[in-house]
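Undergrad: Okay, here's the structure, questions in a sec.
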Number of protein chains: 2
Amino acid sequence: MSEVVQKALLGKEASIRMAKLTTRQKNDALRAMADALVRENASIIAANQEDLARGQQNGIGESLLDRLALDEKRIQGIAEGLLQIIGLPDPVGDVLDQFERPNGLVVRKVSVPLGLIGIIYEARPNVTVDAAGLCLKSGNAVLLRGGSDALSSNIRIVEVLKAALATTVVPPEALQLITSSDRASVDEMLKLNGLLDVVIPRGGRMLIQTVVANATVPVIETGAGVCHTYLDETADPTIALNIAVNAKVQRPSVCNSMETLLLHEEFAEAYLPGIAETFRTLGVQLRGCPASIRIAGPMEEATDEDYATEYNDYILNVRIVESLDEALEHIRRFGTQHSECIVTEHPERAERFLQEVDAAAVYHNASTRFTDGFEFGYGAEIGISTQKLHARGPMGLPALTSTKFLVYGSGQIRG
Amino acid sequence: MSEVVQKALLGKEASIRMAKLTTRQKNDALRAMADALVRENASIIAANQEDLARGQQNGIGESLLDRLALDEKRIQGIAEGLLQIIGLPDPVGDVLDQFERPNGLVVRKVSVPLGLIGIIYEARPNVTVDAAGLCLKSGNAVLLRGGSDALSSNIRIVEVLKAALATTVVPPEALQLITSSDRASVDEMLKLNGLLDVVIPRGGRMLIQTVVANATVPVIETGAGVCHTYLDETADPTIALNIAVNAKVQRPSVCNSMETLLLHEEFAEAYLPGIAETFRTLGVQLRGCPASIRIAGPMEEATDEDYATEYNDYILNVRIVESLDEALEHIRRFGTQHSECIVTEHPERAERFLQEVDAAAVYHNASTRFTDGFEFGYGAEIGISTQKLHARGPMGLPALTSTKFLVYGSGQIRG
């Protein structure tokens with residue numbers, strides 16, 4: 001039996017016990033996990049040093065090394081994340097609907113855990129802890145498969161968390177980590193129908209596409225964001241500039257940042273020169289349509305491929321459109337249904353944009369950077385769903401549950 | 001461009017207009033569709049005769065021929081199904097959540113159509129109409145791929161429905177039927193990421209497995225049901241017999257009928273002989289565990305393969321267990337998480353069964369045959385989901401919607 005199947009079986013078995021835990025029991029376990037991380041931080045940092053050294057040898061790049069690195073302060077922050085989950089409402093056991101049928105049957109729809117959740121992610125060891133905490137609070141077992149760059153860190157973190165669980169009533173088997181760095185272990189996870197109830201990929205577009213293309217278990221897609229901001233002809237110029245700058249540069253590496261700025265031609269004539277100047281000053285490389293270049297001076301010409309690219313970087317496409325219709329058409333063609341924004345002082349145009357754009361979150365006069373579980377007040381999130389089934393947008397604890405109908409009878413049969 | 005891609009593009013384009021329709025406009029279209037079916041029933045019956053003649057030539061069997069056959073009365077019934085959808089609440093535009101954040105952002109979560117829904121089904125032309133009606137009411141476009149045995153019927157039905165839509169504001173392009181009988185057209189549908197928002201297979205286990213194994217678009221699994229009824233030692237013998245008989249023979253061909261009867265050994269000693277006698281009288285072939293054979297006389301010995309089979313027929317497995325635990329274990333191993341029942345007069349055991357069994361619907365003292373949209377009072381259903389994501393159990397109109405966050409700002413940016 002492979003490592004993947006063996007650990008999935010252990011996790012699935014544990015998921016039965018997980019579903020019966022009380023909120024108190026789960027919260028006690030979260031506290032024990034947080035305490036253990038802080039107490040054992042030296043050994044976690046030592047394991048992390050191994051990953052960092054290997055990463056440097058392999059030349060994985062500065063930004064990846066930064067995501068990978070753990071120190072006392074970061075571990076403290078990760079542990080605090082677990083403590084915050086304690087404060088979130090338990091999503092299991094809610095009565096979502098209840099009714100009595102004319103024949104006397106009482107039907108109650110309740111929220112239940114999904115069971116065993118698979119999470120496939122890249123080189124961020126904090127995801128190991130976040131995912132473990134969120135799955136625990138939602139009564140699920142979890143099968144983790146992190147990036148090989150973070151393997152030593154993940155192994156040590158999971159050892160620490162399982163040892164903490166062993167001091168509680170939560171079964172340590174509910175937390176499983178695949179340690180094989182082989183790509184085959186990912187492929188195997190994706191076909192575990194009957195064992196894995198869902199797989200959630202967290203990472204770049206390549207990872208997500210691999211999972212979507214190969215999984216036979218249900219998938220929740222997360223992440224890919226080619227987000228637009230459209231500056232209508234009636235946009236307030238100050239609001240427009242602030243929002244465009246914030247959406248691009250406040251944190252370019254994340255999925256809800258802007259990749260393409262769309263401007264109505266009349267607004268562009270008056271304000272694009274200043275906006276382009278600001279972006280250039282901020283170190284953003286611009287790629288424009290011919291009309292933008294005419295108005296705002298030399299830049300690389302944007303191609304269709306550029307419009308479809310999630311740069312996650314200090315690069316921005318600029319395109320001038322003749323109408324709201326043309327902006328909507330561009331978003332339909334190149335958007336990834338993540339987050340889209342219109343800046344306008346015209347309420348009807350705003351409402352049309354909000355109704356017609358097909359995306360997880362659509363904004364009027366606010367930055368797309370707000371698409372986030374914390375910013376929406378939902379607490380920690382397991383990711384941002386860009387699909388339409390099950391959960392869309394920031395996914396908190398309720399996204400990790402399913403439902404069940406409990407039906408109470410007194411001998412009813414169907415006529 | 002293939003037929004599948006061409007029709008999917010037309011459907012996707014139409015889905016944008018569908019999302020904007022008012023309830024009144026959709027209901028007017030449903031009425032026009034129902035009227036047209038009744039008015040044009042002669043031509044539909046003529047097309048159906050072609051299918052029936054071809055089916056007889058191909059020797060497709062009596063029960064399939066019966067499912068396929070249309071007459072004036074059946075068409076009347078199908079049209080009435082459309083009129084019933086008029087009475088169901090419009091699932092689009094509901095405000096599911098609304099809150100204001102400390103920074104003044106107003107976030108509103110609303111229900112929206114899924115977009116373009118693919119439905120792959122077998123030889124029941126009524127599904128063509130039901131699916132068209134449910135997708136229309138939920139503001140979706142639909143791409144239908146029915147069984148080749150019903151092709152002539154489906155072509156004529158869709159012609160009639162599209163002609164009816166052409167007299168309304170609903171775009172006829174929202175209803176698309178694949179007419180190629182080639183298996184390749186199914187495979188093509190399953191990979192239409194970016195065009196198809198979901199595919200729902202309706203049919204036998206083979207069809208569903210093919211879809212799950214090959215689809216890269218999101219799938220909602222429906223249907224497969226290996227359902228159990230467990231007669232506890234404290235079961236009321238009359239209730240137990242009535243429920244067991246109803247669950248097996250009231251309509252054996254459907255997914256919520258019983259395939260295996262589990263009995264506590266003490267209950268079995270006293271009552272299995274009578275229960276087995278009743279089933280034999282009703283023409284049900286029994287397959288039993290050794291203990292059942294000892295108590296209830298000669299029957300074929302049930303194998304693990306039998307326990308895993310959805311017979312959809314007058315065949316029943318009988319197995320005696322020593323405890324509730326053993327019953328739960330059997331259901332975990334062989335159940336398909338559809339519908340499960342315990343018959344008991346012991347409230348705590350009932351509650352334990354309801355909590356621990358992982359299935360869409362779990363019953364205490366009532367027949368599993370009630371797992372059905374109409375029986376739950378949800379109106380017409382598009383199928384019964386046996387998966388845990390998005391929708392579980394009978395799927396009515398809300399299962400054909402997604403959600404969207406509308407965010408109203410006044411220039412907010414993220415700090």
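Undergrad: For a Förster distance of 45 Å, can you work out the FRET efficiency between the beta-carbons of B:SER180 and A:THR179, rounded to the nearest 0.05?
TA: 0.45
Undergrad: Run the simple label-point estimate for A:VAL38 and A:GLN285 please: 7 Å along Cα→C-beta, distance reported in nm.
TA: 4.4
Undergrad: Of the DSSP beta bridges with both residues in the stretch B:52-182, give the percent that are antiparallel, rounding to the nearest 5.
TA: 40
Undergrad: Compute the distance in nm between two label points, each set 7 Å from the Cα along the Cα-to-Cβ direction, one at B:ILE16 and one at A:ARG24.
TA: A separation of 5.7 nm, rounded to one decimal place.
Undergrad: Would you mind classifying the stretch B:97-154 by shape? Square roots of the alpha carbon gyration tensor eigenvalues, ordered a ≥ b ≥ c; an a/c under 1.5 is rounded, otherwise it is prolate if a/b is larger than b/c and oblate if not.
TA: Since a/c reaches 1.5 and a/b is larger than b/c, the shape of the stretch B:97-154 is classed as prolate.
Undergrad: What does the charge add up to near B:GLY373, with Lys and Arg as +1, Asp and Glu as -1, over the other residues with Cβ less than 15 Å from its Cβ?
TA: Neighbourhood net charge equals +2.
Undergrad: Now for a separate question. Would you pull out the residues with amide H under 5 Å of B:VAL321's amide H, same chain only if 5 or more places away, H placed 1.01 Å from N?
TA: Residues meeting the criterion, in which the H sits 1.01 Å from N, are B:LEU263, B:HIS264, B:GLU265.
Undergrad: Using a Förster distance of 56 angstrom, determine the FRET efficiency expected from the C-beta separation of A:SER410 and B:MET1, and round it to 0.05.
TA: Approximately 0.45, to the nearest 0.05.
Undergrad: Here's another thing I want to ask about it. Roll a 1.4 angstrom probe over the protein heavy atoms and tell me the percent of accessible area of the stretch A:215-305 that is carbon or sulfur.
TA: 51
Undergrad: With N set to the number of residues, divide the alpha-carbon radius of gyration of chain A by 2.2 N^0.38 Å and report two decimals.
TA: 1.10
Undergrad: Could you do me a favour and compute the accessible area per residue for chain A, 1.4 Å probe, result in Å²?
TA: Averaged over the residues of chain A, the accessible area is 38 Å².
Undergrad: Hey, with R₀ at 60 Å, roughly what FRET efficiency would A:GLN355 and B:GLU322 work out to, going by the Cβ-Cβ distance, to 0.05?
TA: Efficiency computed from Cβ-Cβ geometry: 0.50.
Undergrad: Moving on to the next point. How long are the three semi-axes of the equivalent ellipsoid of the protein assembly as shown, in whole Å, if each is the root of 5 times an eigenvalue of the C-alpha gyration tensor, listed from largest down?
TA: For the protein assembly as shown, the semi-axes come out at 47, 37, 22 Å.
Undergrad: For a quick protection proxy, order the peptides A:71-83, A:374-386 by their average other-Cβ count within 10 Å, most packed first.
TA: Descending mean neighbour count gives A:374-386, A:71-83.
Undergrad: When you count, for each residue, the other Cβ atoms within 10 Å and take the mean per peptide, how do A:51-64, A:145-158, A:199-212, B:177-190 rank with the highest first?
TA: The most tightly packed comes first, giving A:145-158, A:199-212, B:177-190, A:51-64.
Undergrad: Now, a different point. Positive end of the charge dipole of the stretch A:227-370 (Lys, Arg +1 and Asp, Glu -1 on Cβ, about the Cα centre): tell me which of A:LEU241, A:CYS255, A:HIS364 has its Cα farthest that way.
TA: Among A:LEU241, A:CYS255, A:HIS364, the one farthest towards the positive end of the dipole of the stretch A:227-370 is A:CYS255.
Undergrad: Could you tell me how far the Cα centroid of the stretch B:53-108 sits from the Cα centroid of the stretch B:305-338, in Å?
TA: Each part's Cα centre sits 31 Å from the other's.
Undergrad: Per residue of A:349-356, count partner chain C-beta atoms within 10 Å of its C-beta, then hand back the mean as an integer.
TA: That average works out to 3.
Undergrad: Would you mind checking the pairs B:LYS73/B:LYS388; A:LYS404/B:LYS404; A:LYS404/B:LYS73; A:LYS137/B:LYS388 and listing those with alpha carbons more than 27 angstrom apart?
TA: Table pairs above 27 Å Cα-Cα are B:LYS73/B:LYS388; A:LYS404/B:LYS73.
Undergrad: Ignore the peptide's own chain and count Cβ atoms of other chains within 10 Å of each Cβ in A:394-406; give me the average, rounded.
TA: Mean shielding by partner chains, rounded to a whole number: 4.
Undergrad: Then there is this: Project the alpha carbons of the stretch A:300-415 onto their principal axes and report the range along each, largest first, in whole Å.
TA: 73, 31, 28
Undergrad: Per residue, how big is the convex hull around the C-alpha atoms of the stretch B:1-156? Give it to me in cubic angstrom, could you?
TA: Considering the Cα atoms of the stretch B:1-156, their hull volume per residue is 135 Å³.
Undergrad: Summed for both chains, how many Å² of accessible area, to the nearest 100, are buried between A and B with a 1.4 Å probe?
TA: 5800
Undergrad: Something else now. For the stretch B:227-370, max minus min Cα coordinate along each principal axis, in Å, sorted largest first?
TA: 35, 30, 26
Undergrad: Something else about it: Quickly work out the B:ARG333-to-B:ARG205 label distance, labels modelled 7 Å from Cα along the C-beta direction, and quote it in nm with one decimal.
TA: So the label points at B:ARG205 and B:ARG333 sit 1.6 nm apart.
Undergrad: If you add up the charges near A:LEU10, with Lys and Arg at +1 and Asp and Glu at -1, over every other residue whose beta carbon is less than 13 angstrom from its beta carbon, what do you get?
TA: Overall, the nearby charge balance is +1.
Undergrad: Taking the Cα of A:ASN214, stepping 7 Å toward and past its beta carbon, and measuring to each backbone N in the stretch A:119-154: which are under 13 Å?
TA: A:120-121
Undergrad: Moving on to the next point. Out of the DSSP beta bridges found with both residues in chain A, what percent are antiparallel (nearest 5)?
TA: 30
Undergrad: Per residue of A:370-376, count partner chain C-beta atoms within 10 Å of its C-beta, then hand back the mean as an integer.
TA: 4
Undergrad: What is the list of residues in the stretch A:319-339 whose amide nitrogen lies under 19 Å from a point 7 angstrom out from the Cα of A:THR278, following Cα to Cβ?
TA: A:319-321
Undergrad: Still on this structure, please answer the following. What angle do you read, to the nearest 10 degrees and between 0 and 90, between the alpha-carbon axis of helix B:3-18 and the longest principal axis of chain B?
TA: Tilt relative to chain B: about 80 degrees.
Undergrad: How big is the dipole moment of chain B about its Cα centre under a simple scheme where the beta carbon of each Lys and Arg is +1, that of each Asp and Glu is -1, and everything else is neutral? Debye, nearest 20, please.
TA: Dipole magnitude for chain B comes out near 2120 debye.
Undergrad: As I understand it, the value is the acute angle between the Cα axis of helix B:23-39 and the longest principal axis of the Cα atoms of chain B; what does it come to in degrees, rounded to 10?
TA: With both axes taken from Cα atoms, the answer is about 70 degrees.
Undergrad: Calculate, in nm to one decimal, what A:LEU83 and A:GLN56 gain on full extension: separation in residues at 0.36 nm each, minus their alpha carbon distance.
TA: Working it through step by step, the gained length comes to 6.5 nm.
Undergrad: May I pose another question? Treating the angle as unsigned and between 0 and 90°, give the value, to the nearest 10°, between the Cα long axis of helix B:265-281 and the longest Cα principal axis of chain B.
TA: Helix B:265-281 sits roughly 70 degrees off the main axis of chain B.
Undergrad: Still on this structure, please answer the following. If the cut-off is a Cα-Cα distance under 17 Å, which aspartates and glutamates reach A:LYS26, setting aside same-chain residues fewer than 8 apart in sequence?
TA: Cα-Cα hits under 17 Å: A:ASP35, A:GLU80, A:ASP90, A:ASP94, A:ASP130, A:GLU173.
Undergrad: Still on this model: Per residue of the stretch A:397-412, what does 6.51 cos²θ - 1.76 cosθ + 1.60 with θ = phi - 60° give for ³J(HN,Hα)? Whole Hz please, x for Gly and Pro, Karplus curve as stated.
TA: Going residue by residue, I get 4, x, 5, 9, 10, 10, 10, 8, 8, 9, 10, 9, x, 9, x, 4 Hz, with x marking Gly and Pro.
The values are calculated or read from the model by the stated rules, or taken from the named source; none is laboratory data. Being a predicted model, the structure only gives us computed values, none of them experimental. For neighbour counting, all protein chains shown are included, and Cβ atoms are generated from backbone atoms with ideal geometry for every residue, glycine included. Heavy atoms of the whole protein, side chains included, go into the accessibility calculation; ligands, DNA and RNA do not. Shrake-Rupley method; radii C 1.70, N 1.55, O 1.52, S 1.80 Å.
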